[in-house]
Amino acid sequence: MLIKIKHYFKKNTDAAPLAVFRIFFGLMMSLSIVRFWANGWIDKLYVQPKFFFSYYGFEWVKPLGIYTYFIFLIALISAIAIMIGYRYKWSILIFFLSFTYIELMDKTTYLNHYYFISILSFLMIFLPASAHYSIDAYLNPRKAYQKIPKWCIHSIQLLMSIVYVYAGLAKLNSDWLLEAMPLKIWLPSKYDIPLLGDFLQQTWVHYGFSWLGMMYDLSIPFLLLYRPTRKVAFFMVIVFHVLTRVLFPIGMFPFIMIVSATIFFDAKVHRQILKIISKVFKISYHRFQNHKTLVFSSKKNSLLTFVLVLFFTIQLFLPWRYLAYPNELFWTEEGFRFSWRVMLMEKAGYAQFKIVDAQTQKRFYVDNSDFLTPYQEKQMSFQPDFILEYAHFLGSHFEKQGHKNVEVYVESYVALNGRRSQPYIDPTVDLLQIKESFIPKTFILPFYDQIKGL
Amino acid sequence: MKKFILLFVSLSLFVVSCSDDDSSSTTAGDDAFDRKEMLTHWADHIIVPAYTNFVASSTTLDASTQTFIETPNEANLVQLREDYQKAYLDFQTISIFEIGPAETIGFRGFVNTYPTNATAITQLIENYETPNLELPSSRAAQGFPALDYFLYGVADNDNSIIETYSTGNFANGYKTYLGLVSKRIKDLSTLILNDWNNEYRDNFVANTSSSSTGSVDMLANDFIIHFEKFIRSGKVGIPAGVFSGNVEPQTIESYYQPSFSKSLLEKSLNSSKNFFKGLSFDQSTTGLSFESYLDYLNSIKEGEDLSTLILNQYEDSASKIGLLNDNLLQEVENNNSKMLTAYDSMQANVILLKIDMLQALSISVDYVDTDGD
């Protein structure tokens, strides 16, 4: 077994797929950041708000006021450097750090896609993505290689497979498969899409999309890996992601997934792509054809093995952590994030905070728009960790204002996947008495229904 | 597997012909809910008639203001007050529609910001200054709340009020200011109505897009904001001290003639309910509305009968408000628990409208169109 593993780590493959992946990744990231900037979202999401929701343990990560633009600029420059393969090791490290910093600044904007980019860029720190067809390789032929260890390609394929398969497993629940929820809510509202509009009003379409989506997620990595089905599978990737782009506001992500899926193709395709790029930009492709093979020293190899095994172990187990919590995952969201639970819920809430003077029993309600943007208020209203953090913020705010014996209560209602709204947080609990932690949140009221499945 | 691929192929054919252009519109088929028809009904049978009616009453109001300015006597004051009350009640029927031209000029802010800043008004008059009512900062010194002050609050009794405009030291200043305020209400509403009659109506009706800039989406948000902020909070919650912990009688609508305050509240709640039901302004017909839209979507979803729950809650609020004295200022000071009961009843409807209705319609509350998962 051990010999097999050792043997596996010595296998080599063409460096072109990883080079193409690096170029596409850098390009997509640069475009995404430019688009984010041009839409004015840096200002709207990170400069204007007065309060930011932190991830547990990362309270020190905050936007830097107007200098937040600077972080985005760093991420943009490093993304361009990744694309052209200039000082790759540094640029990918800086990209990972700056991008992850941005994502940690406010969890209001959490998206699985952003998390995917973060961990993918982490993985890429350990991959020799600039060994071939990069400025680094061009300037320093000693560091240029045409073959790299095979596991480098496999690790990206594995990460993508985890994302798809786990997203598929998350769909194996009664709401998605038996009720066609939340697609039954979302699709009819897309009535104005040409041709599809009326079609999207039909119940059988909601069920069809739900089941096909589940089957797609569970099977696509295998169909991409298996040579005879690869072309069809890639076609399905395009159709699937373009369709989601048409139906839902998911920005650049579909395109990122489509180009990422090219990592499953044979090196022949990538060499072709590199040839085209060479032609367009008048680069000598010939210069990179040195037939050299990159071999890591055994010390470096064992370090890389350790990092990769640890990384993928975490990736495989983290999404299952919700099993450690007693209540309905969709309701309490304990263990919901970082688990590839994509587009699974239509959840909305309303949270009214009450500030009470414990001694005089005098009370008043908080106008959330005094502290939160509409987007933050929306996200806060149905996520318990947001509610708790905001309650503590309100408590210290009103104490600073001179209020005495402050207690903070919340009256909140949440509706999940088309069910009628029901009370969410126990209105009799003074939230200031509760500290954020990973233990189950007992102040969440029970969910009066059952969602069966994974 | 073959079928699986076949379906994807056929789907892709659809997709190829799709663009994600937000402004495109379609004519709905037989089985789909016709949003264009709903928008047409809203525009032609509710919004435009309501504005037409309001322009008429604010024109009448302006005319009787001129009469009173020319001859400040008791008969003219009585007539002016009558026309003022009619116009203020009629305003409650259009306050929901802060969309298009009304939104652009910030109509509601200029016409009904209360409490009015009586100190600023008297200072301007006593300094012989002419107010510039176009300044955003002057919002709290004009509109109906300012008229409330001019017609009921400038002195203790009717005789002294008339004197303020006839023989008082600053009579000219009061007359000028009063005239400007009533003229501005008329001018602004005429401007909005003209815009609806010229081109906004067609834009509004044609904008059937499902995006956050579509008419249904925007008006749903306006409708809910109106209910939550302007009826629930403004007319009941804030004076009853829900947000400050202390009752704030000075923030009541129609503060200088508090016996009129409950009528305004009732009118505005009723207008909100009628709009939800799609009742035409002249109350003769009922057309497509949020109620029928929810019923249509519910036939897909087979969930609870949300529209009935919402209508029942409107009835509940109306009955709780019915128990209140006409003078809400007195209620706040003496029977505030009845005000709080009315508030709680409307609050229950905010939850139904803001969570359940918006979820059913798949409309988001926020205007920030960031990416989703």
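The values are calculated or read from the model by the stated rules, or taken from the named source; none is laboratory data. Note that the coordinates shown come from a computational prediction; the quantities given were computed from them, not determined experimentally. Reconstructed Cβ throughout: ideal geometry from the backbone, glycine too, with neighbour counts over all protein chains shown.
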How do the helices (runs of 4 or more DSSP H) wholly within the range B:65-140 filter down when requiring 2 or more residues that are modelled with pLDDT of 95 or more, of a type in the set (A, V, I, L, M, F, W, C) and touching a Gly at 6+ places or on another chain (Cβ under 9 Å): which remain?
B:107-111, B:118-126
Within the range A:415-441, track down each residue that is out of contact with any helix residue (DSSP H, G or I) (no Cβ under 7 Å at 6 or more places or on another chain) and either farther than 28 Å from B:Phe243 by Cα or part of a strand (DSSP E or B) (or both).
A:Arg419, A:Gln422, A:Pro423, A:Ser437, A:Phe438, A:Ile439, A:Pro440
Give the number of residues within the range A:149-164 that are of a type in the set (Phe, Trp, Tyr) and over 12 Å from A:Leu218 (Cα atoms).
1
Is there any pair linking a residue in the range A:362-386 that is at the interface with chain B (Cβ under 10 Å from one of its Cβ atoms) to one that is acidic (Asp, Glu) and assigned to a loop (DSSP other than H, G, I, E, B), with Cβ under 9 Å and at least six apart or on different chains, and which?
A:Thr373/B:Asp366; A:Pro374/B:Asp366; A:Tyr375/B:Asp366; A:Gln376/A:Asp106; A:Gln376/B:Asp366; A:Glu377/B:Asp366; A:Lys378/B:Asp366; A:Phe382/A:Glu333
A:Asp385 versus (1) at pLDDT below 95; (2) within 26 Å of the chain's Cα centre (by Cα): which is the lone unmet condition?
(1)
Would you mind stating whether B:Pro239 is touching a residue at least 12 places away in the same chain (Cβ under 8 Å) and surrounded by 23 or more Cβ atoms within 10 Å (Cβ to Cβ)?
yes
Tabulated pairs, the range A:219-233, first within 12 Å of another protein chain (Cβ to nearest Cβ) and closer than 13 Å to A:Met160 by Cβ, second aromatic (Phe, Trp, Tyr) and outside any helix (DSSP H, G or I), C-beta under 9 angstrom, 6+ apart or interchain:
A:Ala233/A:Tyr226
Suppose the filter is crowded, with 19+ Cβ neighbours inside 10 Å, part of a helix (DSSP H, G or I) and more than 12 Å from every other protein chain (Cβ to nearest Cβ); does A:Ala261 pass it?
yes
Just one of A:Leu316, A:Leu308, A:Leu344 is among the aliphatic types (A, V, I, L, M), part of a loop (DSSP other than H, G, I, E, B) and touching a residue at least 60 places away in the same chain (Cβ under 8 Å); which is it?
A:Leu344
When the range A:200-214 is examined, which residues are found to be farther than 25 Å from A:Phe317 by Cβ and either touching a Cys at 6+ places or on another chain (Cβ under 8 Å) or assigned to a helix (DSSP H, G or I) (or both)?
A:Thr203, A:Trp204, A:Val205, A:His206, A:Tyr207, A:Gly208, A:Phe209, A:Ser210, A:Trp211, A:Leu212
Counted residues in the range A:338-359 being buried (at least 19 other Cβ atoms within 10 Å of the Cβ), β-branched (Val, Ile, Thr) and over 30 Å from A:Phe209 (Cα atoms) come to 1
Out of the range B:86-97, which residues are crowded, with 20+ Cβ neighbours inside 10 Å and not aromatic (Phe, Trp, Tyr)?
B:Ala87, B:Asp90, B:Gln92, B:Thr93, B:Ile94, B:Ser95, B:Ile96
Looking for something part of a helix (DSSP H, G or I), among the β-branched types (Val, Ile, Thr) and in the same structural domain as B:Phe223 (by TED's automatic domain parsing) - is there at least one such residue anywhere in the range B:312-335?
yes
If you check B:Ile363, B:Ile351, B:Ile310, B:Ile321, which single one turns out to be within 14 Å of chain A (Cβ to nearest Cβ), more than 20 Å from B:Ser212 (Cα to Cα), aliphatic (A, V, I, L, M) and out of contact with any strand residue (DSSP E or B) (no Cβ under 7 Å at 6 or more places or on another chain)?
B:Ile310
Please verify whether the range B:251-267 includes one or more residues that are surrounded by fewer than 18 Cβ atoms within 10 Å (Cβ to Cβ), under 18 Å from the mean Cα position of the chain (by Cα) and at pLDDT 95 or above.
yes
Look through the range B:175-214, keep the residues that are of a type in the set (D, E, K, R) and crowded, with 16+ Cβ neighbours inside 10 Å, and return whichever of them is farthest from the other protein chains (Cβ to nearest Cβ).
B:Lys175
Could you go through the range B:246-265 and let me know if any residue there is hydrophobic (A, V, I, L, M, F, W, C), without any contact (Cβ under 8 Å) to a residue 24 or more places away in the chain and within 14 Å of chain A (Cβ to nearest Cβ).
no
Looking at (1) at pLDDT 95 or above; (2) closer than 22 Å to A:Tyr166 by Cβ, which one does A:Arg245 not meet, given that it meets all the others?
(1)
As an exercise: evaluate A:Lys10 against (1) crowded, with 16+ Cβ neighbours inside 10 Å; (2) charged (D, E, K, R); (3) closer than 29 Å to A:Arg271 by Cβ and give the number of the one condition it does not meet.
(1)
Of the conditions (1) among the aromatic types (Phe, Trp, Tyr); (2) more than 8 Å from chain B (Cβ to nearest Cβ); (3) surrounded by fewer than 22 Cβ atoms within 10 Å (Cβ to Cβ), A:Tyr390 clears all except one; give me its number.
(3)
Every residue from the range B:271-284 that is in contact (Cβ under 8 Å) with a residue 60 or more places away in the chain and farther than 22 Å from B:Val216 by Cβ:
B:Asp282
Look at B:Pro49 and say whether it is within 26 Å of the chain's Cα centre (by Cα) and assigned to a loop (DSSP other than H, G, I, E, B).
no
Against the condition modelled with pLDDT under 95 and part of a helix (DSSP H, G or I), how does A:His286 come out, does it pass?
yes
Would you be able to tell me the number of residues in the range A:165-205 that are facing chain B (nearest Cβ under 8 Å) and touching a residue at least 40 places away in the same chain (Cβ under 8 Å)?
6
Among (1) within 14 Å of chain B (Cβ to nearest Cβ); (2) modelled with pLDDT of 90 or more, A:Gly251 falls short only on (2)
All-but-one check, A:Ile425 against (1) surrounded by 14 or more Cβ atoms within 10 Å (Cβ to Cβ); (2) away from chain B (no Cβ under 14 Å); (3) among the β-branched types (Val, Ile, Thr), failing number (2)
Listed by first then second residue, the pairs whose first member lies in the range B:207-228 and is over 13 Å from B:Phe290 (Cα atoms), whose partner is surrounded by fewer than 19 Cβ atoms within 10 Å (Cβ to Cβ) and among the acidic types (Asp, Glu), with beta carbons under 6 Å and at least 6 positions apart or on separate chains, are B:Ser209/B:Asp22; B:Ser211/B:Asp22; B:Ser212/B:Asp369
Taking interchain pairs and intrachain pairs at least six residues apart, which have beta carbon atoms under 6 angstrom, with the first residue in the range B:148-176 and closer than 17 Å to B:Asn73 by Cβ and in the same structural domain as B:Gln85 (by TED's automatic domain parsing) and the second basic (Lys, Arg) and part of a helix (DSSP H, G or I)?
B:Leu151/B:Arg81; B:Tyr165/B:Lys175
